[in-house]
Amino acid sequence: MENLYFPELAKIIYIEELSPMVKLFRLKKINGNFKRNKDGLVFIPGQFFLIGKFGYGEAPFGGASDPLQNNYIEVIIRKTGTLTSQLHNLKIDEIITIRGPLGNGYPLKFIEGKDLVLISGGCGIPPIAALIKYIIRNRSKFNKVYLLYGAATPNDLLLKDRFIKWKQFINVLLTVDKADGDWKGNVGWVSDLVKDIQIEPLNTIALMCGPGPMITALEKVLRPLGISDRRIFVADERKMQCGLGKCQHCVTGDKYVCLDGPVFYLDQIDKNID
């Protein structure tokens, strides 16, 4: 049996600066490829990996790459503290530690044949990006697909160079809190974008990852549309620490985010979204 406490070593093979404070890291295992599950996926979008540097600890990051790709995984890391600052200082070919995938992802079989509304804000885009890559690979299995994505400024929108490709397969709706001189798009909350989608509410699934205030605002919009709580899935990954349900850092209500989530039905964590 695999020892979940024991990290594996991975090499950084690609780094991309997505914004002044956010970088994408592509990681390849030192010993072989990443294992696939019974469905052929390295991870389920919404699951997370614990990424670390010896001497500085580790932290959870959602997989952002194509979940069928087993040569490498990609994670997106925002510089917020000691560990993430150390990770941002690393260069290509340097070694880090990795554990995972851990937790539960979005319900891929359940969402087949449905209209999908993918919703994200700021740095909540990684699991949604992985889900989009999965959807594009399996486009015929899904009906209408919308991405509603917002950030503080145009510079804070991540993965911008992917939007053109995504738009060939799904509807991409963007917004920012504050525009600059070059921004021609929407200005306002992510929840404002809901007015621009055309869905069949009884056959629609909403899948979200983003800050608590965004999720709270959206639930007040989605519920009146007729999308039930059991068709709204929320990834709530920001509180996690050990990833194994031992440190109790991520307890929310009667749930452990790392074990019971990080993807939940909305009504499971409705009053406990951070």
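The values are calculated or read from the model by the stated rules, or taken from the named source; none is laboratory data. Since we're looking at a predicted model, the values are computed, not measured. Glycine gets a Cβ as well: all are built from the backbone with ideal geometry, and neighbour counts include every protein chain shown. These accessible areas exclude ligands, DNA and RNA; they are computed on the full protein's heavy atoms, side chains included. Shrake-Rupley method; radii C 1.70, N 1.55, O 1.52, S 1.80 Å.
Values computed for the structure shown
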{"read-out": "Filter on Lys35/Lys133; Lys114/Lys160; Lys28/Lys144; Lys114/Lys220 - keep pairs with C-alpha separation over 23 Å", "value": "Lys114/Lys160; Lys28/Lys144"}
{"read-out": "Dipole in debye (nearest 20) - the chain, about Cα centre, beta carbon charges: Lys, Arg +1; Asp, Glu -1", "value": "600"}
{"read-out": "Distant-in-sequence amide H partners of Thr252 (H built 1.01 Å from N, under 5 Å)", "value": "Val257"}
{"read-out": "Nearest-10 value in Å² for the accessible area of Glu8, using the 1.4 Å probe", "value": "70"}
{"read-out": "Dipole axis of the range 128-274 (+1 Lys, Arg; -1 Asp, Glu on Cβ), positive-most option in Val172, Pro224, Ile269", "value": "Val172"}
{"read-out": "Estimated distance in nm for a label pair at Glu94 and Lys11, the labels positioned 7 Å out from Cα along Cα-to-Cβ", "value": "1.6"}
{"read-out": "Sequence ranges 77-83, 201-207, ranked by mean other-Cβ count within 10 angstrom, highest first", "value": "201-207, 77-83"}
{"read-out": "Around Leu68: net Lys/Arg minus Asp/Glu count, Cβ-Cβ under 12 Å", "value": "+1"}
{"read-out": "With every protein chain in place, the range 131-202: carbon and sulfur % of accessible area (1.4 Å)", "value": "50"}
{"read-out": "Check: the range 95-140 dipole with +1 on Lys, Arg Cβ and -1 on Asp, Glu Cβ, in debye", "value": "140"}
{"read-out": "Summed side-chain charge close to Glu200 - residues other than Glu200 whose Cβ falls under 11 Å, Lys, Arg +1, Asp, Glu -1", "value": "+1"}
{"read-out": "Nearest-10 value in Å² for the accessible area of Asp196, using the 1.4 Å probe", "value": "80"}
{"read-out": "Listed residues Ser85, Ser228 arranged by accessible area, highest first, probe 1.4 Å", "value": "Ser228, Ser85"}
{"read-out": "Given charges at Cβ of Lys, Arg, Asp, Glu: the range 41-113 dipole, positive-most of Gly46, Ala64, Ile77", "value": "Ile77"}
